[in-house]
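Since the structure comes first, as structure tokens, the remarks are kept for the end.
Nothing in this text is a laboratory measurement; each read-out follows from the coordinates by a stated rule. Keep in mind that what you see is a predicted model, and the values were worked out from it rather than measured. Note that each Cβ is placed from the backbone with ideal geometry, even for glycine, and that neighbours are counted across all protein chains shown.
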Amino acid sequence: MQPCAIWITGLPASGKTTIATMLKESLMAKQIPVIILDGDEMRKTVSRDLGFSPDDRKEHNRRVIEIAKLLVNNGITAIVPLISPYRETRDMARSQIPNFVEVYTRASLETCMRRDPKGLYKKAQSGKIGNMTGIQSPYEEPLHPEITLDTDKGTPAQCLDKILSYMKKSGYLKG
């Protein structure tokens, strides 16, 4: 069994954090060293000096990549629920982090806007915030993720099962 980085990408409100939390709980129950590097939490700490311009987003992702790489290299599985809207940045993560697994939480913009747990879509539509991914700022869907989760169709438990199954098949979890 090897540590890995589970990089969960998708639009805001696509289910990244929900799935990451469930995955962490499942791995902890199996005594696997694991940590979540949540994009929002990372912005409050290591990236509090950054905004949401394309360059700031890339720098934020670069910082998270470095931390995830350190964790995986030290035997800790890193779960990274992070919008990471640019393919180029996710490709950089893939090239730098050993045992990288890209998970795409695919949900329609309409579904994400309906969920909107933080009210971000409403704020973006009213002009209170700018550079909102999926509204004023682009999200580049992954071309070849290891796992695609249709979070507007499957339940969180079904999504979790799909990740765990992949991890077992790939040697990141014992069968």
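Comparing ILE129, ILE32, ILE97 in a Gaussian network model of the chain, where Cα atoms under 10 Å apart are tied by springs, the biggest mean-square fluctuation is seen for ILE129.
Summing +1 for each Lys or Arg and -1 for each Asp or Glu among the other residues whose beta-carbon sits under 9 angstrom from that of LYS174 gives +2. Note that the range 67-76 has calculated 3J(HN,Hα) couplings of 5, 4, 4, 4, 4, 4, 5, 10, x, 10 Hz, one per residue in order, obtained from phi through the Karplus relation 6.51 cos²θ - 1.76 cosθ + 1.60 (θ = phi - 60°); glycine and proline are x.
With axes computed from alpha carbons, what is the tilt in degrees of helix 87-96 against the longest principal axis of the chain, rounded to the nearest 10 within 0 to 90? With both axes taken from Cα atoms, the answer is about 30 degrees. Local charge sum around THR45 (other residues, Cβ-Cβ under 12 Å, Lys/Arg +1, Asp/Glu -1)? Surrounding charge for THR45 is 0. Highest GNM mean-square fluctuation among SER126, SER95, SER165, for the chain modelled with Cα contacts below 10 Å: SER126. In this structure, the amide hydrogen of ILE36, modeled 1.01 Å from its nitrogen in the peptide plane, lies closer than 5 angstrom to those of ILE79, counting only residues at least 5 positions away or on a different chain.
Residue by residue, the range 2-9 carries 3J(HN,Hα) couplings of 10, x, 8, 10, 9, 8, 9, 10 Hz when phi is fed to the Karplus relation 6.51 cos²θ - 1.76 cosθ + 1.60 (θ = phi - 60°); x denotes Gly or Pro.
For the range 10-88, the share of alpha carbon pairs falling in successive 10 Å distance bins from zero is 18, 49, 29, 4 percent. Taking GLU140, GLU110, GLU102 in turn, the Gaussian network model of the chain (Cα-Cα springs below 10 Å) assigns the largest fluctuation to GLU110. Taking the centroid of alpha carbons for each part, the range 93-146 and the range 31-65 are 14 Å apart. Amide H contacts under 5 Å for SER137: MET132, restricted to partners 5 or more places along the chain or on a different chain, H placed in the peptide plane at 1.01 Å from N. In whole percents, the pair-distance distribution calculated for the chain from its alpha-carbon pairs, binned every 10 Å from zero, is 10, 40, 36, 12, 1. Sorted largest first, the principal axis extents computed over the alpha-carbon atoms of the range 16-58 equal 39, 17, 14 Å.
Residues of the range 156-174 falling in the label zone of GLN31, defined by backbone nitrogen less than 19 Å from a point 7 Å along Cα to beta-carbon, are 168, 172-174.
Estimated from the Cβ-Cβ distance and a Förster radius of 30 angstrom, the FRET efficiency linking LYS168 and GLU140 is about 0.55. Based on DSSP H segments of at least four residues, each scored -39500 (n - 2.57), the chain has a per-residue ellipticity at 222 nm of -13500 deg cm²/dmol.
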